[in-house]
Amino acid sequence: MKARRLVWLGLSFVFAAAIIVAWQLISNFGLVSPIFLPPPSRAWNALVFNIERGSLLPYVLLTLQHMFYGWLIASFLGVAIGSLIGVSPAVRAYLAPMLEFFRPLPASALFPIAIAIFGLTENMLLVVIGFGALWPTLLATVNGFATVKPRLEEVSRLLGMSRRKFIFSVALPNAMPEALAGMRLSLTIALILSVTGEILSGSDGLGRWVMLQARGFRTPDLFAGVLLFGVIGYLSAQIVTYLERRLLRWRATP
């Protein structure tokens, strides 16, 4: 299993290297003007320069703050509401049409409404991020409760467990693998909405910084910001995956 994981990791690095080589070849042969597509070396140098100068760190921290708080709100509400819905088959069946209606609704379309209600504030940004990141966690939690075997509920009744104890001791732990998978997906959505919200609302953050570089045709800085988005997304996903493995160690087979 470990060897297979190393093979896939190696293939991922090979694929990333192939993209960088193709990018460099396109720049070398002038297939795209360097005004619009600088070589990767210039993007990397711009990233290093801005990090060393300290101009990027405040923007990165603000974007991480927006992403984390929005994701935290979405995770808490998603697990809480998902548990209330998922614990009852009747409630799941009754609310299923409404959940399916809101699930595909693009959260970015809510920015005009949120701006009209909350104005160009941090609260507006957090509301939209929380709404968009809510659904993967909520639906995954509902699905996790739906997969709890009826036999477990029967055994809990025979043991004299109360409904509340059954939910927190049996149903919720069994639903947590699904909920954590939804939370991992929600974190990606929170990052996307943080960047989009900073661009649309003009809130300080890495998204606004990248937009300013694009307006000034500073493409090396622009691509440096895009590379930083990828690094943030990758590292945040790895952190959640690590926490998921730690929290779900009880599922590991001996």
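Summary of computed values
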{"item": "For the stretch 179-254, alpha-carbon Rg over 2.2 N^0.38 Å", "result": "1.43"}
{"item": "Descending principal axes extents, the chain, alpha-carbon based, whole Å", "result": "73, 53, 31"}
{"item": "Value of Rg to Rh for the stretch 22-137 (Rh from inverse mean 1/r over Cα pairs, i.e. Kirkwood)", "result": "1.18"}
{"item": "Peptide ranges 221-231, 199-209 listed from the most packed, as the mean C-beta count within 10 angstrom indicates", "result": "199-209, 221-231"}
{"item": "Per-pair calculated FRET efficiency, R0 = 41 Å: A80 and L37 via Cβ, rounded to 0.05", "result": "0.35"}
{"item": "Full-stretch length increase - R218, D204 - with 0.36 nm per residue and alpha-carbon distance subtracted", "result": "3.2 nm"}
{"item": "Debye equation applied to the C-alpha atoms of the stretch 118-200, log10 I(q)/I(0) at 0.21, 0.22 Å⁻¹", "result": "-0.88, -0.92"}
{"item": "Difference of contour (0.36 nm per residue) and Cα-Cα distance, E122 to S108", "result": "3.5 nm"}
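Each reported figure results from applying straightforward, stated rules to the coordinates on display, with no laboratory input. Computed from a prediction, not measured in an experiment: that's the story for all the values here. FYI the Cβ positions are ideal-geometry reconstructions off the backbone, even for glycines, and counts take in every protein chain you see.
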